[in-house]
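Engineer: The structure follows.
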Amino acid sequence: MSSFEPMQEEMEKGRIPEHKEEHRKDSEECDGGTHCEVPEATSNKPDDAMNETFILHLYPMQPSDTASDQDWICFPGTEDILKHSTPITNRQLGNEITARQATLERADDFLKHSTTLTNRQRGNEITARPATLDILSVHQLAAQGEMNQLNEHLNKDNDLLNKQDERGFTPLMWAAAFGEYAVVKYLLLRGADPNILAHERESALSLASSGGYADIIRILMEFKVDINTYDWNGGTPLLYAVRGNHVKCVEELLAWGADLTMEADSGYSPMDLAVALGYKKVQQAIENHILALLKNKK
């Protein structure tokens, strides 16, 4: 079978216009193995949908194509597709991957930089510079537990040991109020006076009781402080411990002999205050102490 017999069969069936036969004959005259392009031929029947312009392309046969005798036929419109449609190459794929990697790298660089707004960016203004240890007073150092700096100040001037501030608080009072046990012990061993009262008769013991620091109460009692001292409104260390619902402090003060009968200016005794505030555990601690006293009398 020749390479054009299929085309003849198609022409007999009316699928290929007759003028294609002329194109085929003209193409056979070209040199073998050479690409030939036949000039366009138009049909005399413009109303016939099948009578369109066709272009016949003959391509050289490769040795591997000897099994096929058919020539390549290019129908209208496919020539531009063949000319412009090319497969995506690895290089093109690599370019896309490279561009994507560059985008990710730029995103990583953006994330590396902190996006937290500064005070200046927020429009805030610094009203005061933060304090440093060098400018803190001995009272502030004692309250913050800065032992080394406090020791340096006292070594330079030991009169600072019992110095009172504008409220009458000593370094020992500030340490007791903030629960700095190590500082309290250090100041007591250095010679601080635990019985000094502030302007409103606050004491280191009442401040420790109000804060709930039973260990500081114990060490202050070891230095023989007045356990029943009262402040401007009649509050004793025991009353402050009850008011704060500090059961351990109440037990510690009662063990050292705090007076249960002392009342504040409001008329409340320690037991009355515990009942009024509804502190059941504090009431139980006071009751246990009273029962222990009664047993000892017997």
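Engineer: Determine the gain in length on full extension of the stretch K280-E200; use 0.36 nm per residue of separation and subtract their C-alpha separation, reporting nm with one decimal.
Structural biologist: That pair, K280 and E200, stretches by 25.8 nm at full extension.
Engineer: Need one number: nm distance between label points at D159 and R190, each 7 Å from Cα along Cα→Cβ, rounded to one decimal.
Structural biologist: Distance between the two pseudo-spin positions: 1.6 nm.
Engineer: Out of the trypsin sites (Lys or Arg not before Pro) in region 197-236, which ones are loop residues according to DSSP with at most 10 other C-beta atoms within 10 Å?
Structural biologist: The qualifying sites are K224.
Engineer: Given a Förster radius of 25 Å and the C-beta distance between E287 and N228 as r, what FRET efficiency does 1/(1 + (r/R0)^6) yield to the nearest 0.05?
Structural biologist: Once rounded, the FRET efficiency stands at 0.75.
Engineer: Let me ask something additional. Computed FRET efficiency, Cβ-Cβ of E152 and M271, R0 45 Å: what is it to the nearest 0.05?
Structural biologist: 0.45
Engineer: Would you check region 134-297 for Lys pairs whose C-alpha atoms are within less than 18 Å, ignoring same-chain pairs closer than 8 in sequence, and give me the count?
Structural biologist: Lysine pairs satisfying the spacing and distance rule in region 134-297 number 4.
Engineer: Farthest toward the dipole's positive end in region 134-297, which of G191, A143, L253, given Cβ charges of +1 (Lys, Arg) and -1 (Asp, Glu) about the Cα centre?
Structural biologist: The one lying farthest along the dipole's positive direction is L253.
None of the figures in this text is laboratory data; all of them are computed from the coordinates on show. Here the structure is a predicted model, which is why all the values come from computation and not from measurement. Note that each Cβ is placed from the backbone with ideal geometry, even for glycine, and that neighbours are counted across all protein chains shown.
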